[in-house]
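Data block below; observations after.
Just so it is clear, none of the values below were taken in a lab; they were calculated from the coordinates. This structure is a prediction, so every number in the text was calculated from the model and none was measured. Every residue, glycine among them, receives a Cβ derived from its backbone with ideal geometry; neighbour counts consider all protein chains shown.
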Amino acid sequence: MYESALRIDDHALDGTAYSGLGSLYYKAPGWPVGFGDKQRARELLEHALALNPQGIDPNYCYGEFLVETGHPAEAVPYLERALQAAPRPGRHVADTGRREEARVLLEKARAAH
């Protein structure tokens, strides 16, 4: 569905589909079990950041990717940026939840390095 959304309008919601698809690529197991691919995940997540460098989702997702792939120190500025992201109109509940996720993950990243 993310790939279909990207074909329709890859800039919709500031490229949020890139963040979602990138997260799927790094969370899914790799071949032969699944389609997971950490390099492809990094590319998609970095593209999401290029489209929306101050956004809550691309910063959180990239920060999560960095923590989960063993780079917690590199994740800190992205998670801090996610916490400082401007509120999105009509997305108060989603933003509140994402900020809490970012806060918890930021604590984990800081404790790991």
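Among Ala102, Ala86, Ala17, the largest mean-square fluctuation in a Gaussian network model of the chain (Cα springs under 10 Å) belongs to Ala86. Treating r as the C-beta distance of His71 and Ala28 and R0 as 25 Å, the FRET efficiency rounds to 0.85.
Express in nm, to one decimal, how much length is gained between His113 and Thr96 on full extension, taking 0.36 nm for each residue of separation and deducting their alpha carbon distance.
Working: separation 17, 0.36 × 17 = 6.12 nm, distance 2.64 nm.
Additional length available on full extension: 3.5 nm.
Among Arg103, Arg91, Arg40, the largest mean-square fluctuation in a Gaussian network model of the chain (Cα springs under 10 Å) belongs to Arg91.
Go through [x] 0.97; [y] 0.94; [z] 1.04 and flag the label whose value is the computed Rg/Rh (Cα atoms, Kirkwood Rh) for this structure. Answer by label: [x].
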